[in-house]
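K.L.:
Handing you this structure, nothing more for now.
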Amino acid sequence: MEEIITFSTYQSQIYGFSCDYPSNWIQIDNSFCVVGFQEKEELTYPSFNVQIINLAMLSGDTSLDQFQQMIMGEILRIGAKPSNFSDELIGGKYNGRSIIYYLPNDHMKSKQSFFLNQGHAYIISYTSKADEYFQQHLYVCDHAISSFNLIKSKGYKFLQLSMNSLLLSTTTTTTTSSSSNNKLENEIYLEYFYPKDWSKKINGDFQHTYKDEKIVNEGGVVFSITKSDSEFTNDGSLGEESKDIEISLNYRDGNCKKLKVKAKQYDGDNGRDILFKFDQCIRLSFRVPNGDKVYYVKAFDRLIQYLGVTSGLVLKARSPLPYDIFDNLMVGYNFNLPKSFELSLTKPTGEMITFKDTSKNTNDLPYCIRISVEDLSSAGIIGLNEYSNDVVNRMLQILPESKILTEGPNFMRLDKHLASTVSIQCYDVELRHPSIQLLATSVQKSHGIVITIRTKATNQFSIIYKKSFYIFDSFCYYYEK
């Protein structure tokens, strides 16, 4: 009697796709793919995964034929024996290609199907032991291909945040001297960060509201901060149930303390409210459309992490801040990014992102910042020196005319972790000019982190480093499994 196979549907709102997989297969996650699935306890290693490639990271506009050539080049590079490409209709509506190839060293066989859509390549790969095992599970791949569908993505992958403040209270004290009485005002502010590209509406020192104008249905996504002399009462829009929580306010007067404040949290399908008191009564509100809180609430949680209190004197001394906060919600880190920098390129999984300086006065000195994070858990325990040497050797292999400029390793700190630094000079294909790259590598929580600063201006490197040094000082890898 033939086994009856049932399928479940995997759906990723953040990546914007869905596909079917066997219900008794387990989901696997790694840095190689967006998602993967593998049969439980199966010695023939049947598995399939989905990859997404941002075509902007490739040179120029990429056609399906050009991408096919790149696929073939990679297949040949790993020593596989390919068949011919064939046309394949993926998801019943996306025109793509497929190829089957054999890896003789591992006695494995793979099928790759791919198509291009709106600047991204989508690849579905199936792998199993060769011979009859490959054919035995090929139906899984074929079913995943036929069920594959692109959907509208929801949620945020990244946040670039600017700082603002809300006056909480003002007190006046009088100091008396032999000649006069002096009155000093002491102001207390709630300091917070908001998404840089959201519209804002400031209602004096009473309410600050921010809205993502890109989301237009049912009111969109809205973040607001409201203060009052009297205690807020629940308006009932999120239900009547609440839970007691504790939030931490960053005390930004130079001592890096955290102030613990008791709060009440109300949750509903369309948002979250947090009510607390610090000099004034404060309501933090987050609203989303269509009952989609589950996809957006992580952004609200991150905004809460950046709340702080400060005095008027300190606030004025620090303003305007020369940086924003960039938060990679997908990978789990944040750092202070110079305001003139903008996100340039990114892998869809967020594990490699690039920023470029948009300042007009530095266009003759183009430089960028690149941050990559890779999972080292499969490599077992790996030390900083071993990882740093591996990264440098990889860079020397792929960068033309490259050489190390520094003698021996130098060290700095990334998020209280030791990081190794090295400078490399090379010919930069993108810049079409020699460039200098400073690499800072660190190993944290079984992940390797590499921060790279690159410029073609060899005589200006020290100036550029001084402009962006706080990237390293502020970097925080908060990822938790």
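The values are calculated or read from the model by the stated rules, or taken from the named source; none is laboratory data. Please read all numbers here as calculations on a predicted model, not as lab measurements. Using ideal geometry, Cβ is built from the backbone for each residue, glycine included, and neighbour counts are taken over all protein chains shown. Surface accessibility is based on the protein's heavy atoms, side chains included, excluding ligands, DNA and RNA. Shrake-Rupley method; radii C 1.70, N 1.55, O 1.52, S 1.80 Å.
K.L.:
Applying the selection to the stretch 375-424, what residues are of a type in the set (A, V, I, L, M), open to solvent by less than 30 Å² (accessible area, probe 1.4 Å), in contact (Cβ under 8 Å) with a residue 60 or more places away in the chain and not in a loop (DSSP other than H, G, I, E, B)?
P.N.:
Hit for the stretch 375-424 is Leu414, nothing else.
K.L.:
Looking only at the stretch 206-224, count every residue that is among the charged types (D, E, K, R), open to solvent by 80 Å² or more (accessible area, probe 1.4 Å) and either in contact (Cβ under 8 Å) with a residue 24 or more places away in the chain or within 19 Å of Leu307 (Cα to Cα) (or both) and tell me the total.
P.N.:
1
K.L.:
For the stretch 59-78, does any single residue satisfy the condition of being crowded, with 19+ Cβ neighbours inside 10 Å and in a strand (DSSP E or B)?
P.N.:
No, the stretch 59-78 contains no residue that is crowded, with 19+ Cβ neighbours inside 10 Å and in a strand (DSSP E or B).
K.L.:
Take the stretch 327-340 and flag every residue that is surrounded by fewer than 22 Cβ atoms within 10 Å (Cβ to Cβ) and either of a type in the set (D, E, K, R) or more than 11 Å from the chain's Cα centre (by Cα) (or both).
P.N.:
Asn336, Pro338, Lys339, Ser340
This table checks each residue for (1) closer than 13 Å to Leu190 by Cβ; (2) open to solvent by 20 Å² or more (accessible area, probe 1.4 Å); (3) not in a helix (DSSP H, G or I).
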| site | (1), (2), (3) |
| --- | --- |
| Asp235 | no, yes, yes |
| Leu238 | no, no, yes |
| Tyr266 | no, yes, yes |
| Phe286 | no, no, yes |
| Val297 | no, yes, no |
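K.L.:
In the stretch 433-481, which residues are over 15 Å from Phe335 (Cα atoms), at pLDDT 80 or above, outside any strand (DSSP E or B) and open to solvent by less than 70 Å² (accessible area, probe 1.4 Å)?
P.N.:
Ser446
K.L.:
Okay, moving on. Kindly indicate the residue of the stretch 351-374 that is open to solvent by 50 Å² or more (accessible area, probe 1.4 Å) and either in contact with a His (Cβ under 6 Å, 6 or more places away or on another chain) or modelled with pLDDT under 75 (or both) and also farthest from Leu337 (Cα to Cα) among those meeting that condition.
P.N.:
Asp364
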